[in-house]
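Report on the following structure.
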Amino acid sequence: MKSDNGKRIKSNVVIYLLFIVVLIVLLVFYYMEKSSLEAKISETASQCSEISKQLDNASFKLKHKQNEIDFLYEKTNLAEQLASSMKTLKIQLPTSVPDLNGSEIGNAELFGHNKIYLGKIQQNDPSYVVDYISTDGEKSTYYIIMSEVKQLSDEICIGSETQLEKANAIADWVVHNICYNSDAASTSVNADVISLEQVISTKTATCAGYSNLFAALCQAQGICTVNFRGGAEEGLCDYPDWKNVRTNHEWNAVFCDGNWHFFDTTWCSQNTFYNGEYFYSDKLKTEYLDMDFYEMTKDRRIDRADLRDFYTALFSIS
């Protein structure tokens with residue numbers, strides 16, 4: 001009897017061990033399949049996102065062509081429509097440099113340098129500004145592009161009430177939808193690369209194109225927006241030779257509710273356009289959006305500050 005009981009116990013132990021082994025194998029297989037399935041789902045989601053962006057781009061291009069056709073066949077008067085939508089929006093610079101909020105930085109000289117340039121913003125000549133809209137020199141093209149900018153800006157700002165909310169919504173759209181044009185940056189950057197027409201149609205830009213589009217979209221909401229050009233390096237305020245860093249970057253500021261708010265959409269966005277392909281990323285560096293003066297100055301030296309009043313320029317050219 002004892003021998004039979006011992007055999008049964010051994011037999012049961014073997015069965016339990018086999019059961020555990022089978023269970024482990026099944027669990028390993030399950031998690032392998034789950035991991036593979038999750039990877040496929042992630043890849044499919046990424047592909048769907050890419051297709052969605054391509055459809056958005058195609059839709060925008062179709063709208064652009066429709067606007068051209070309507071304008072050429074006089075089915076719409078874009079000049080009247082723009083004048084009507086923009087007549088109550090007037091871009092005005094502050095008459096003096098307001099108090100600059102934020103935590104102080106150690107480099108008082110760089111702080112003073114940037115404050116001086118913030119107080120001498122240049123308002124660009126209309127003939128100069130329109131080249132930032134399109135380089136083809138056709139007035140009809142200027143109206144078509146600015147009409148599309150106004151339409152896009154209005155769509156982006158649905159649900160936003162204050163000017164700062166609108167500026168943040170516009171920045172969010174720009175950083176998610178525009179890709180840094182590494183191909184152009186590595187060869188040559190010219191007016192075609194940064195014009196509104198090119199940036200909107202290709203969804204690519206270098207830093208000057210990012211800041212150009214952000215400014216135009218904000219101005220379409222009547223927000224005073226400035227373009228800065230200067231030297232930019234992470235931790236610039238700690239550089240002993242910060243004055244000698246080359247001019248290599250462009251960014252923006254908006255004047256809302258009595259304060260300057262600074263935006264670097266190029267540094268925030270991690271999208272790239274490389275070797276003719278678009279690569280999108282949701283890993284944003286949001287610390288470069290809605291910065292105060294001190295946060296902006298930590299990494300940037302202003303060499304030039306411009307106000308490109310696109311709509312005034314458009315209505316003033318002959």
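The values are calculated or read from the model by the stated rules, or taken from the named source; none is laboratory data. All figures in this text were calculated on a predicted structure; none of them were measured in a lab. Every residue, glycine among them, receives a Cβ derived from its backbone with ideal geometry; neighbour counts consider all protein chains shown.
For segment 116-133, name all the residues that are in contact with a Phe, Trp or Tyr (Cβ under 8 Å, 6 or more places away or on another chain) and either assigned to a loop (DSSP other than H, G, I, E, B) or modelled with pLDDT under 90 (or both). The one that is in contact with a Phe, Trp or Tyr (Cβ under 8 Å, 6 or more places away or on another chain) and either assigned to a loop (DSSP other than H, G, I, E, B) or modelled with pLDDT under 90 (or both): Ile133. Among the residues here, Asp183 qualifies as surrounded by fewer than 18 Cβ atoms within 10 Å (Cβ to Cβ), closer than 25 Å to Ile145 by Cα, in contact (Cβ under 8 Å) with a residue 12 or more places away in the chain and more than 16 Å from the chain's Cα centre (by Cα).
Taken over segment 209-261, the criterion of being surrounded by 18 or more Cβ atoms within 10 Å (Cβ to Cβ) and of a type in the set (D, E, K, R) is satisfied by Arg229, Glu250. For segment 248-290, the strands (runs of 3 or more DSSP E) that sit wholly inside it and include 3 or more residues that are touching a residue at least 24 places away in the same chain (Cβ under 8 Å) and in contact with a Cys (Cβ under 7 Å, 6 or more places away or on another chain) are 249-256.
Scanning segment 161-170 for residues that are hydrophobic (A, V, I, L, M, F, W, C) and closer than 14 Å to Ala220 by Cβ yields Ala167, Ala169, Ile170.
The number of residues in segment 268-318 being of a type in the set (A, V, I, L, M, F, W, C) and in contact with a strand residue (DSSP E or B) (Cβ under 8 Å, 6 or more places away or on another chain) comes to 9. Just one of the listed residues (Glu80, Glu104) is farther than 19 Å from Tyr311 by Cβ, out of contact with any strand residue (DSSP E or B) (no Cβ under 9 Å at 6 or more places or on another chain) and at pLDDT below 85, namely Glu104. Looking at Gln221, is it part of a helix (DSSP H, G or I) and modelled with pLDDT under 95? So Gln221 fails the test.
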